[in-house]
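Colleague: I'd like to ask some things about the structure below.
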Amino acid sequence: MDHTEVIFQLILHGGNARSLAMEAIALAKNKDMSGAQKALEQAGEELSKAHQNQTAFIQKEVSGEKTEISMLLIHAQDHLMNAMTIKELASEFVELYGHIHESKGAEV
């Protein structure tokens, strides 16, 4: 996989993770806790794929091969970091909605 392809994979998997995390929040809000958990798991899988691509860049640099810093790479890293943050927050929201639904006697 060439440099540009790896960058686009970071963007793709980061975007997928972000979307799945946001979906998890919406599902939890609508009392679909199992769906929310599944979406969070899928978001984690997407982040894992993105992390594998990120690690490829790091390993190349460690072995002496310099990575060209481009706006596209910066965008990809920004995209990935935002996705990681949103996924962490989504986990908290899902847990919080679960507690709210339980306290209101809703089925969880």
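Colleague: Filter the range 94-108 down to the residues that are open to solvent by less than 90 Å² (accessible area, probe 1.4 Å) and either touching an Asp or Glu at 6+ places or on another chain (Cβ under 7 Å) or assigned to a helix (DSSP H, G or I) (or both) and list them by number. Step through it out loud before you land on a result.
Modeller: Taking the range 94-108 first, the residues open to solvent by less than 90 Å² (accessible area, probe 1.4 Å) are 94, 97-98, 100-101, 105-106.
Across the range 94-108, the qualifying residues are VAL94, TYR97, GLY98, ILE100, HIS101.
Colleague: Which one of GLY14, GLY64 is in contact with an Asp or Glu (Cβ under 8 Å, 6 or more places away or on another chain) and over 30 Å from GLY105 (Cβ atoms)? Walk me through how you get there before you give the answer.
Modeller: Details: GLY64 fails: in contact with an Asp or Glu (Cβ under 8 Å, 6 or more places away or on another chain).
On inspection, the qualifying residue turns out to be GLY14.
Colleague: Which pairs turn up if I take residues in the range 83-106 that are closer than 21 Å to ILE11 by Cα and at pLDDT 95 or above and look for partners that are open to solvent by 70 Å² or more (accessible area, probe 1.4 Å) and in a helix (DSSP H, G or I) with beta carbon separation below 8 Å, at least 6 apart in sequence or on another chain?
Modeller: Final answer for the pair search is ALA83/ARG18; ILE86/ARG18; ILE86/MET22; LYS87/ARG18; ALA90/MET22.
Colleague: Please list, ordered by first then second residue, the pairs with beta carbon atoms under 8 Å, 6 or more apart or interchain, first in the range 21-47 and surrounded by 16 or more Cβ atoms within 10 Å (Cβ to Cβ), second not in a helix (DSSP H, G or I).
Modeller: If the second residue must be not in a helix (DSSP H, G or I), the pairs left are LYS31/ALA106; LYS31/GLU107; LYS31/VAL108; MET33/VAL108.
Colleague: May I pose another question? All but one of (1) at pLDDT below 90; (2) within 30 Å of LEU27 (Cβ to Cβ) hold for GLN59; state the number of the condition that does not hold.
Modeller: Condition not satisfied by GLN59: (2).
Colleague: Looking at this structure, is ILE69 hydrophobic (A, V, I, L, M, F, W, C), open to solvent by less than 90 Å² (accessible area, probe 1.4 Å), out of contact with any Pro (no Cβ under 8 Å at 6 or more places or on another chain) and without any contact (Cβ under 8 Å) to a residue 24 or more places away in the chain?
Modeller: Working: hydrophobic (A, V, I, L, M, F, W, C): yes; open to solvent by less than 90 Å² (accessible area, probe 1.4 Å): no; out of contact with any Pro (no Cβ under 8 Å at 6 or more places or on another chain): yes; without any contact (Cβ under 8 Å) to a residue 24 or more places away in the chain: yes.
Taking the combined requirement at face value, the residue does not satisfy it.
The values are calculated or read from the model by the stated rules, or taken from the named source; none is laboratory data. Source: prediction; values computed, not measured. Positions of Cβ are backbone-derived with ideal geometry, glycine not excepted, and every protein chain shown enters the neighbour counts. Side chains included, ligands, DNA and RNA excluded: accessible areas come from the protein's heavy atoms. Shrake-Rupley method; radii C 1.70, N 1.55, O 1.52, S 1.80 Å.
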